[in-house]
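Visitor: Quick one: the structure is below, questions incoming.
None of the figures in this text is laboratory data; all of them are computed from the coordinates on show. Values in this document were obtained by computation on a predicted structure and should not be read as measured data. Positions of Cβ are generated from backbone atoms using ideal geometry, with glycine treated the same way; all protein chains shown enter the neighbour counts.
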Amino acid sequence: MSGGRDLWSAPLGEVPGDKVEVIWEVLQEVLDPEIPISLPELGLIYDVAYEEGVARIDLTFTATACPCMDFIREDITDRLLSEHWIDRVELVEVWDPPWTSDRITMEGREKLKKMGVSA
């Protein structure tokens, strides 16, 4: 089990109106296993879609041999499947464009700075 799971909120009681927006919000709870900031803040999530119970997440990793790939896949899937309105999660790995530190959000940069990490 990776870090951050103890910070996950309880699943929603109702089916949200804007499911894609809520998926983005939920993904903010999924932290990188090595650096405790969210995958969207790191710029690892490229796109989110939802159709008929299926959440599709386009994501990348910081490197093709990232040692945390399995943990990240598992955390995304487990967090999303905890929502009763999501029946299945499809993870689509995107390597083009490749991830660079330019993809880190301003919020992510601020959190990294507080940890003494420059980006």
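Visitor: Can you tell me the 0 to 90 degree angle between the C-alpha axis of helix 69-81 and the longest principal axis of the chain, rounded to 10?
Guide: Orientation of helix 69-81: about 30 degrees from the principal axis.
Visitor: Next question. When the helices in the chain are scored as -39500 (n - 2.57) per DSSP H run of 4 or longer and the sum is shared across all residues, what 222 nm value do you end up with, to the nearest 500 deg cm²/dmol?
Guide: Helices in the chain give a 222 nm mean residue ellipticity of -8000 deg cm²/dmol.
Visitor: What FRET efficiency do you get for Lys113 and Val15 if R0 is 41 Å and r is their Cβ-Cβ distance, rounded to the nearest 0.05?
Guide: Efficiency for this residue pair is about 0.60.
Visitor: Report the GluC sites (Glu not before Pro) located in the stretch 51-119 that are in a DSSP loop and have at most 11 other Cβ atoms inside 10 Å of their Cβ, or state none.
Guide: Here the sparse-neighbourhood loop sites are Glu52.
Visitor: Considering only DSSP states other than H, G, I, E and B, which chymotrypsin sites (Phe, Trp or Tyr not before Pro) in the stretch 31-104 qualify as loop sites with at most 10 other Cβ atoms within 10 Å?
Guide: Those satisfying the criteria are Trp95.
Visitor: Could you name the aspartates and glutamates in cross-link range of Lys114, using Cα to Cα under 20 Å and dropping any fewer than eight places away on the same chain?
Guide: Qualifying aspartates and glutamates at Cα under 20 Å: Glu29, Asp32, Glu34, Glu41, Asp102.
Visitor: Here is a follow-up. Under the definition of Cα pairs under 8 Å and six or more residues apart, what whole-number percent is the relative contact order of the chain?
Guide: Relative CO of the chain lands at 27 percent.
Visitor: Also, I was wondering about something else. Note the direction-averaged projected area, equal to a quarter of the hull surface, for the Cα convex hull of the stretch 1-96, in nm².
Guide: 5.8
Visitor: For the stretch 5-114, what is the percent of antiparallel DSSP beta bridges, rounded to the nearest 5?
Guide: Within the stretch 5-114, antiparallel bridges account for around 55 percent of the total.
Visitor: For Lys19, list the lysines whose Cα falls under 28 Å from its own Cα; do not include residues on the same chain fewer than 8 positions away.
Guide: Here the lysines satisfying the reach criterion relative to Lys19 are Lys111.
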